[in-house]
Amino acid sequence: MATTSTTQTPSIFPLLLVNFIGTLGYSIILPFLVFLVTRFGGNAIIYGVLGAVYPTFQLVGAPILGRWSDTHGRRKILLLSQAGTLFSWVIFLVALLIPIQALAKFNSGTFGLFTITIPLLVLFVARALDGLTGGNVSVANAYLADISNDTNRKANFGKLSASANLGFIVGPLLAGTLGATSFGEIIPVLAAIAISFVAVFVIYKYLPESKCTAIDSHIQKEGLEKILSQAHKDCYEVENPQKVRFKDVIKIPHLPYMFLLYFLIFLGFNIFYTAFPIHAIAKDGLGWSIMNLGIFFSILGGLMVAVQGPLLSHLSKKLSDEVLTIAGSFILIFHFILLSTGHLWLVYISTVFFALGNGLMWASFLSILAKIPPPHYQGYVQGIANSFGSLASIMGLIIGGIIYSSLGSYTFLLAAGIIFIVFLACLPMLRFTYHQKK
C-alpha cells in the first residue's frame, strides 16, 4: 500500500493545467488540419493515415514512458513528453514555411488520387515525433492514480477529462480567429508552440513528483537526501518491482478485459474522429468551413465540461463507476446514430448524447482501470492501455477514411455498432471485485 511521506497530498491543479494546455495546443490546429493535408497533396484517406501516425508511434513510446515513470518518477517523464510535443510543433511550423514541391503522384483504386509533397512528409515527421514522446496521457493517468483514493478517484478523473475538453472549447475558437488572418495557419501553429512551451514551464516549476522512485527510497534510507537534494516533499513511497513484465501485468484479474474494452472504445471514437471532419467539409456532406467546424468542436467541448464537472461529481456520489460506465456507453450509441442521418439539426442534437455518454463513461472507466493494478504497476499498466488505444486509433483512423469514401455518413453506424458491443461487454463489470487497496 502506498503511504505518503507528508500528510499533504499534491494538488491536482498543475496537472489539470498541463492537461488543458496540451489539449489546447492540439485542438488549435484540429479544424484546419484536413484542409492542410488536402492543400499539400493528400486526400481523405491520406488525412486518416496522417492521423494514424501519432498513435502508431505512441504504440511504441507509451509503454516505455509509462515504465520509466514507475522507475524514475512521473514528473520527469511528463517533462520529457511535453518537450517532445514542443519540438514536434516546431517541425510542424517548418512544413508550413517550405515550398510545396511534388515528389510523386499516385492514383490508386484503394487510396484514390494524391500527391506526395515535401511539406506533407514533414507533417508526417512532426506527428511521428509527437507520438513517440506522447506518453503524457498514460503518465498523467498514473500520476492521478498515485494521489487519488476511493473517495475522490472518479471525481479526479472527471476533472482531468474536463480540463482536456475545456481545451477543446478554447482551441477551435482560437483556430477560427487566428486562422482568419493573412498568415493563415502559421499563427495558430505559433500559438501551439507557445502553449507547449508554457506546459513545459508549468511541469518544471509547479508540478511536484507524485511518487518516490526506487532511487529516492535508497537515498532516503542512506540519509543522503540533504547532500544530493533528491528527496521529494510530496511523494508516495512504494515498492518498485525489479522489472515489470507484460506477462505479469496480463495475469492481474480484469486487466485483459479492460484492455480489450479500451481498444474497442478507441476504435469507435477514431472512426468518428476521422470520418466526421471529412463529412463536415464535404460538399455532399455538411459543407462546413473551418469556422463552422471550430464552433462544433467548441460546443462539444463545452457540453463535455458541464457533464464531467458538476454532473459527474453529483452522480458519482450516488452511482458506482461500473453503472456510470454502462449507462454512458449506452447513451453514446445514439450520438453516432443521429450523425448518420446527415441532418444538420440532428448533428447538433447528437452533441448532447456525445457529451452525456462519453462524459459519464470515460472518467468512470479510467477510475475502474486505476483501481485494478498495484500502485507500483500504475505507469506501466496505463502505458499498455494507451498502446491498446493507439492500436485501435491506427485502425480506426485509417479505416474511417476508407469506409467514409464508400459509405458516406453511414460510416457512423459502424461506430454505433462498436459502441453497442462496448455496452454489452461492460455489463459483467457489475460483478467486479477489487482486491488491491489504494
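The values are calculated or read from the model by the stated rules, or taken from the named source; none is laboratory data. Since the model is a prediction, treat every value here as computed from it, not as a measurement. Methodologically, a virtual Cβ is constructed for each residue, glycine included, from the backbone with ideal geometry; neighbour enumeration extends over all protein chains shown. To get the accessible areas, we keep the full protein, side chains included, count just its heavy atoms, and leave off ligands, DNA and RNA. Shrake-Rupley method; radii C 1.70, N 1.55, O 1.52, S 1.80 Å.
Quick notes on this one:
- For the range 233-367, convex hull volume per residue from C-alpha positions, Å³: 178 Å³
- The slack in the chain from LEU121 to LEU344, taken as 0.36 nm per residue of separation less the alpha-carbon distance, amounts to 76.8 nm.
- Taking label positions 7 Å along the Cα-Cβ direction at both VAL94 and LEU413, the computed distance is 4.6 nm, reported to one decimal.
- Summing Cβ point charges (Lys, Arg +1; Asp, Glu -1) relative to the Cα centre of the chain gives a dipole of roughly 380 debye.
- Å² of accessible area per residue within the chain, as computed with a 1.4 Å probe and no ligands counted: 42 Å²
- In the chain, helical runs assigned H by DSSP with n ≥ 4 each contribute -39500 (n - 2.57); averaged across all residues and rounded to the nearest 500, the mean residue ellipticity at 222 nm is -24000 deg cm²/dmol.
- P(r) tail fraction, the chain - alpha-carbon pairs more than 27 Å apart, %: 51 percent
- With Rh defined as the Kirkwood radius, the inverse of the mean 1/r over Cα pairs, the Rg/Rh of the range 299-374 is 1.04.
- One decimal place: the segment ASP248-TYR206 gains 11.7 nm when fully extended, by the rule 0.36 nm per residue minus the C-alpha distance.
- 21 Å tail of the calculated P(r), the range 64-195, as % of Cα pairs: 59 percent
- Cα-based Rg and Dmax for the range 13-109, where Dmax is the largest Cα-Cα distance (Å): 16.6, 50
- For the range 17-125, the relative contact order works out to 31 percent when only alpha carbon pairs closer than 8 Å and six or more residues apart are counted.
- For q = 0.24, 0.33 Å⁻¹, Debye-computed log10 I/I(0) when each Cα of the range 303-343 counts as one equal scatterer: -0.85, -1.07
- Chain lengthening between LYS283 and ALA194 when straightened (0.36 nm per residue, less Cα-Cα): 28.6 nm
- Highest-first packing order for the peptide set 323-334, 362-373 is 362-373, 323-334, based on the mean count of other beta carbon atoms within 10 Å.
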